[in-house]
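Written out below as structure tokens is the structure these notes cover.
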Amino acid sequence: MFRRWWTVTAVATGIVGVGIAWLLARPDGPDPSALLRVIADCLGATALGLGLLRTGLFPVRSRPPIWRVTAVVAGGWTAVEAALIVMSAVESLGGGIGNLTVSTFGAYLTDITVGQLGLVTVMCTATACVYALWAFRTGTDTSSIPVVALAVVALVARPVTGHMSQQVFGALIVSAHSVAAAVWLGVLAAMALTLRAKGAWASMLPVYSRLAWWSVWILAVTGAVNAAVKLGGLGALVDTGYGRIVLAKTVLLVILVLLARRLRATWLVSVAAHRTKADESTVRAAVHVCILTLAFGLAAALATTA
């Protein structure tokens, strides 16, 4: 029951992040689609995290069963991405949802780059869902690498078309930023959803801690480059809605890093020594995930702010 409620709370905090961004940026943005984007991004990160739990990054003896949860998460991700494509098509073609015919929607998916990338995203998420369902129903000890690969493609397909696509190595920088953020959130969310034993937390949390450390550094560097290219100067940090969201995101990143350092010095030590119950670890992980989704809300709003 707790796992159900904290996932709802995580989605809610992501939406709150979008709301904070709206207050900071109005009237420059963000677009209403940011509400769906943050849900899609969080589900995508979780799908990636679930896949990573079954790879060689983590000890074999502690890897949890993931396929049922992965199928549900990937299915929800597919539904949200499909809704985003429809919203994008309506906005691009104009006239409202009532005027979006099958033929015009089909042309949008095949002739317009944003529509093509949206279609690729939905195909990836749907394939990940079907693959997870097959693995769950057959009960085979199959590889999760396909889920990881499909999730990465789906996560970076939309961001690579932004303003950084015009820069040298821009697509690579944006892709690294998106994947690093997804790893930071997704692996911890996946652990909170699937780990049931104290011993599993003891062996897997230290691995996550190292992954999160690298993710933070990649996020900081790529985020700084991204913001510098978009803003063009320090004055834009306070004079534009985009800049104010960047400031808020930076402050939240610093808070998250400080919180992570404290958890590393307390929770990680206690878990490694098998002194923390599994339920307590789940609660701590869930709280941290909810704060991370707040940052995801700011990021989703940033992507749709002028």
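The values are calculated or read from the model by the stated rules, or taken from the named source; none is laboratory data. These numbers were taken from a predicted model, which means no experiment stands behind them. FYI the Cβ positions are ideal-geometry reconstructions off the backbone, even for glycines, and counts take in every protein chain you see.
Tally time: how many residues in the stretch 130-149 are at positive phi and part of a helix (DSSP H, G or I)?
Within the stretch 130-149, residues that are at positive phi and part of a helix (DSSP H, G or I) number 0.
So in the stretch 150-162, with the set limited to residues that are part of a helix (DSSP H, G or I) and of a type outside the set (A, V, I, L, M, F, W, C), which one is farthest from Ala300 (Cα to Cα)?
Thr161
Does Lys230 satisfy the condition of being of a type outside the set (Gly, Ala, Ser), surrounded by fewer than 20 Cβ atoms within 10 Å (Cβ to Cβ) and either in contact with a Cys (Cβ under 9 Å, 6 or more places away or on another chain) or touching a residue at least 12 places away in the same chain (Cβ under 8 Å) (or both)?
Criteria met by Lys230.
Here is a list: Ser103, Ser88. Which entry is over 30 Å from Val187 (Cα atoms) and assigned to a helix (DSSP H, G or I)?
Sole residue among the options that is over 30 Å from Val187 (Cα atoms) and assigned to a helix (DSSP H, G or I): Ser103.
Residue under question is Gly56, and the condition is that it be under 24 Å from the mean Cα position of the chain (by Cα) and surrounded by 24 or more Cβ atoms within 10 Å (Cβ to Cβ); does it hold?
So Gly56 fails the test.
Output the number of residues of the stretch 49-74 satisfying the condition of being in a helix (DSSP H, G or I), of a type in the set (Lys, Arg) and modelled with pLDDT under 90.
1
Filter the stretch 258-272 down to the residues that are touching a residue at least 12 places away in the same chain (Cβ under 8 Å) and surrounded by fewer than 15 Cβ atoms within 10 Å (Cβ to Cβ) and list them by number.
Leu259 - this is the single residue of the stretch 258-272 that is touching a residue at least 12 places away in the same chain (Cβ under 8 Å) and surrounded by fewer than 15 Cβ atoms within 10 Å (Cβ to Cβ).
Name the pairs: first residue in the stretch 36-59 and over 19 Å from Phe136 (Cα atoms), second residue modelled with pLDDT under 95 and basic (Lys, Arg), Cβ to Cβ under 9 Å, at least 6 apart or on different chains?
Arg37/Arg158; Ala40/Arg158
Kindly indicate whether Thr46 is outside any helix (DSSP H, G or I) and in contact with a helix residue (DSSP H, G or I) (Cβ under 9 Å, 6 or more places away or on another chain).
In short, no.
Since Ile20 meets every condition but one in (1) part of a helix (DSSP H, G or I); (2) free of Cβ contacts under 8 Å to residues at least 60 places away in the same chain; (3) surrounded by fewer than 24 Cβ atoms within 10 Å (Cβ to Cβ), which condition does it not meet?
Here Ile20 clears every test but (2).
Could you tell me whether Leu43 is of a type outside the set (Phe, Trp, Tyr) and at pLDDT 95 or above?
yes
Name every residue in the stretch 237-257 that is free of Cβ contacts under 8 Å to residues at least 12 places away in the same chain and touching a Lys or Arg at 6+ places or on another chain (Cβ under 8 Å), in order of residue number.
Those that are free of Cβ contacts under 8 Å to residues at least 12 places away in the same chain and touching a Lys or Arg at 6+ places or on another chain (Cβ under 8 Å): Leu237, Val238.
If I ask for residues that are among the hydrophobic types (A, V, I, L, M, F, W, C), closer than 20 Å to Gly115 by Cα, touching a residue at least 12 places away in the same chain (Cβ under 8 Å) and surrounded by fewer than 24 Cβ atoms within 10 Å (Cβ to Cβ), which ones from the stretch 60-89 would you list?
Scanning the stretch 60-89 gives Val80, Ala82, Ala83, Leu84, Ile85, Val86, Met87, Ala89.
If I ask for residues that are closer than 30 Å to Leu93 by Cα, touching a helix residue (DSSP H, G or I) at 6+ places or on another chain (Cβ under 8 Å) and surrounded by fewer than 19 Cβ atoms within 10 Å (Cβ to Cβ), which ones from the stretch 120-151 would you list?
Val120, Thr127
Residues in the stretch 298-305: is at least one surrounded by fewer than 16 Cβ atoms within 10 Å (Cβ to Cβ) and more than 16 Å from the chain's Cα centre (by Cα)?
Looking through the stretch 298-305, none of the residues is surrounded by fewer than 16 Cβ atoms within 10 Å (Cβ to Cβ) and more than 16 Å from the chain's Cα centre (by Cα).
Please work out if Ala181 is surrounded by 18 or more Cβ atoms within 10 Å (Cβ to Cβ), under 19 Å from the mean Cα position of the chain (by Cα) and assigned to a helix (DSSP H, G or I).
yes
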